[in-house]
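Student: The structure is given below, and queries will be raised subsequently.
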Amino acid sequence: MTEPEPDPSKPNPYQKILSLDGGGTWALIQVHALMNLFGKDATGHDVLKHFDLVVANSGGAVVAGAMACNLPLKEIANLFENETARRTIFQEEWPTTVRRGLALPRYSMPAKCDGLRAAIREFTTDAEMTLPKWHAKYHNLPHLMIIGFDYDMERAAFFRSDVKSRAASSSSAAPSSATILDAVHASSNAPVMFFDGPTHVPEGSTVGRRYWDGAIGGYNNPAMAGVVEALANLPDPADRDKIKVLSLGTGTVRRPRRPADKSASDGLYMGGKTPGIIRDLKKLAMSILDDPPDAASFVAHVALGGSLPSPRGKSVTDSPIVRMNPVIRPIKNGDGWAWSQTFSEETWLKLVDLEMDALSVDDVKLVQALCTAWIADAVPNQPIRADDRLEAEIGHDLYGEAREAARKMLGLG
């Protein structure tokens, strides 16, 4: 099959975008949200047919790649929830005690690629297709854009099925010869603390290119990357109000700043811990999951002409962005803060400290419990922008509200 040659004079009108955050095994949250929206027996293609563009990073790229290969959503969830499947992808290089003592990376990069290939090959070999060839085969499904970080060029890189996109440039384009598996593997390669080296994507007769996780370029939440892609390919710029985004996260933590009369060890609050090289390196490494990703939905909202709240006005709920993401946060309690009764304080604090590569059975059960409570509106949803009470100024405070907006956006009734 030859590579498709879209007519550059007729750019693709990307009007409905699905954006999938990174977040390791926490990406199971995205899969359960999709099952709740589209049905527990839906396949990947059942979901994708509702969109014009899917943009994804890291754990979200795993979900996107599996959906492109038409795995049932139940089987995609299984990649994260079944311990055998999970540890096939996340194969530990060193015993935990040795690794912690020597600050060694946790997982094998080559083993992750083999694990992903084996999991998807049970259903199809489509993962071995290049992204443009995949879209030529499934031309009724959306274009794909998966984000990595070029290790050698030190900038974000975009694996596209639409090689004629007006947003594409030679400086940031990943090779069109990359397969879906190559793109997913590159995008999900969190560096230094997690995997033992950059991925390697062959490129014709050259030595190929090396990649880290796209979060390094600030795209852990890739919503704005999708909006830029849509705006660049919009036939009439005046039609930007037709662009809509469903943005699915993988859980986030928001806590208020620590008051002067509270201990730095009080888990209700942020701040106050003593700086140090180990702590600061970890803080720097984990910041790729927060800002700018937490700001991406707001920037996309403004770029698409979304309304801004007036002082002391009602929250804005008619955004072109629907953000769906559970928030681990306390609630305002008079002049102070308190954890809700949904979970015990001990459980809340475990969730605060739980890293994105939740591997143990108990850790995954915690993420599942968070997801279940969020879908039941017992845990808050992350708004597009929050006020000083951590409540919505723009967007939705509850999953149920966001779900209703998403269904309306997608014409699901």
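The values are calculated or read from the model by the stated rules, or taken from the named source; none is laboratory data. Since the model is a prediction, treat every value here as computed from it, not as a measurement. Methodologically, a virtual Cβ is constructed for each residue, glycine included, from the backbone with ideal geometry; neighbour enumeration extends over all protein chains shown. Only protein heavy atoms, including side chains, enter the accessible area calculation; ligands, DNA and RNA are left aside. Shrake-Rupley method; radii C 1.70, N 1.55, O 1.52, S 1.80 Å.
Student: Can you tell me which of 142, 237, 132 moves the most in a GNM of the chain? Springs connect C-alpha atoms under 10 Å apart.
Tutor: 237
Student: Moving on to the next point. Where both partners of a DSSP beta bridge lie in segment 27-172, what percent of those bridges are antiparallel, to the nearest 5?
Tutor: 60
Student: Kindly report, to the nearest 10 Å², the accessible surface of residue 387 as traced by a 1.4 Å probe over protein heavy atoms only.
Tutor: Residue 387 has an accessible surface of roughly 40 Å² with all protein chains in place.
Student: Using each residue's phi in segment 236-247, evaluate 6.51 cos²θ - 1.76 cosθ + 1.60 at θ = phi - 60° and report the 3J(HN,Hα) Karplus result to the nearest Hz, with x for Gly and Pro.
Tutor: These are the phi-based 3J(HN,Hα) values: 10, x, 5, 8, 4, 6, 7, 7, 10, 10, 9, 10 Hz.
Student: At most 11 other C-beta atoms within 10 Å and a DSSP loop state: those are the exposed GluC sites (Glu not before Pro) I care about. Give me the longest piece of the chain that has none.
Tutor: 155-413
Student: Sticking with this structure for a sec: For the chain, set up a Gaussian network in which alpha carbons nearer than 10 Å are linked by springs, and say which option among 298, 158, 38 fluctuates the most.
Tutor: 38
Student: Among 197, 187, 218, whose Cα projects farthest towards the positive end of the dipole of segment 176-264, with charges put on the beta-carbon of Lys, Arg (+1) and Asp, Glu (-1)?
Tutor: After comparing all options, I get 218.
Student: Hey, another quick one. Just to be sure I understand: of the beta bridges DSSP finds with both ends in the chain, what percent are antiparallel, rounded to 5?
Tutor: Approximately 50 percent, going by the DSSP bridge assignments.
Student: Moving to a separate point now. Which trypsin sites (Lys or Arg not before Pro) in segment 112-199 sit in a loop by DSSP (not H, G, I, E or B) and have at most 15 other Cβ atoms within 10 Å of their own Cβ?
Tutor: Here the sparse-neighbourhood loop sites are 166.
Student: So what is the 222 nm mean residue ellipticity for the chain from helices alone, if each DSSP H run of at least 4 adds -39500 (n - 2.57) and you divide by all residues, rounding to the nearest 500 deg cm²/dmol?
Tutor: That comes out to -10000 deg cm²/dmol.
Student: Run the accessible area of the chain with a 1.4 Å probe and give the carbon-and-sulfur part as a rounded percent.
Tutor: Reported share for carbon and sulfur atoms: 51 percent.
Student: A further question on this structure: Name the most mobile residue of 24, 334, 306, meaning the one with the largest mean-square fluctuation, in a Gaussian network model of the chain with Cα contacts below 10 Å.
Tutor: Largest GNM mean-square fluctuation: 334.
Student: On average, how much accessible surface per residue is there in the chain, in Å², for a 1.4 Å probe, leaving out ligands, DNA and RNA?
Tutor: On a per-residue basis, the chain sits at 44 Å².
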